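Below is one structure, written out as structure tokens; comments come after it.
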Amino acid sequence: MSGHGVLVAGLGNVFLGDDGFGVEVARRLAAEPLPEGVKVADFGIRGMHLAYELLDGGYETAILVDATSRGGAPGTVYVIEPDLGEDAHGAAAGVLADAHSMSPDAVLRWLRSLGGTPPRLLVVGCEPARLEEEMGLSPPVERAVGEAAQVVRELLNGGGA
């Protein structure tokens, strides 16, 4: 199989406060030695680019790191394995609604429309405190970056990825 085994994709808009969480986690992980076959990339808000990477990369697993609103306390880190089944509207069911123009579910729909099959997908999310136009993460989300990076490391080292 060509390509990498695992893609770690940082998603989010660094100009919308805590929405930059995934980008920051990817930046941190990219500076570290990681297991062979792992690619870390900051996709930001370029969801189409992510869809093409998943289509062409030959990945077995993709870990998307993103700000994810699920009702917890700000800074709460989640690991979610979305149900990639199709719902009645043709959308990827059970995935995430978020502030991006190309949210993970939209990326998966686009990938399917191109004839691709999504790899196993895990989302490492963090509950945002604020998504207003501003640079920088709120204190609880800033503290969660290290925790989320550790969660991704554990997934990469045989803990589920």
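Each value in this text was obtained by applying a stated rule to the coordinates, not by laboratory testing. On a predicted model such as this, the values are computed, not experimentally measured, just so you know. Cβ sites come from the backbone with ideal geometry, for glycine too, and all protein chains shown count toward neighbours.
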Backbone N under 12 Å from the residue 147 label point (7 Å along Cα→Cβ), restricted to the range 42-77:
72-77
Once you have a ≥ b ≥ c as the square roots of the Cα gyration tensor eigenvalues for the range 1-48, tell me rounded if a/c is under 1.5, and otherwise prolate or oblate according to whether a/b is larger than b/c.
oblate
FRET efficiency estimate (nearest 0.05) - Cβ-Cβ, residue 70 to residue 133, R0 30 angstrom:
0.85
Under a point spin-label approximation (7 Å from Cα along Cα-to-Cβ), what is the residue 78-residue 120 distance to one decimal in nm?
2.1
Cut-off is 10 Å between beta-carbons; in what order do 53, 36 appear when sorted fewest neighbours first?
36, 53
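Per the Kirkwood treatment, what hydrodynamic radius in Å, one decimal, follows for the range 6-156 from the mean inverse distance over all distinct Cα pairs? Mind dumping the intermediate values first?
Working: mean 1/r = 0.0662 Å⁻¹.
By the Kirkwood definition, the hydrodynamic radius is 15.1 Å.
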Spelling it out for residue 57: with amide H atoms placed in the peptide plane at 1.01 Å from N, the residues 5 or more places away or on another chain with amide H under 5 Å from its amide H are none
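Can you tell me the dipole magnitude for the range 6-156 around its Cα centre, using point charges on the Cβ only (Lys, Arg +1; Asp, Glu -1), in Debye to the nearest 20? Before the final figure, lay out the partial values.
Values: 11 positive and 23 negative charges, 38 e Å.
Around 180 debye, computed over the range 6-156.
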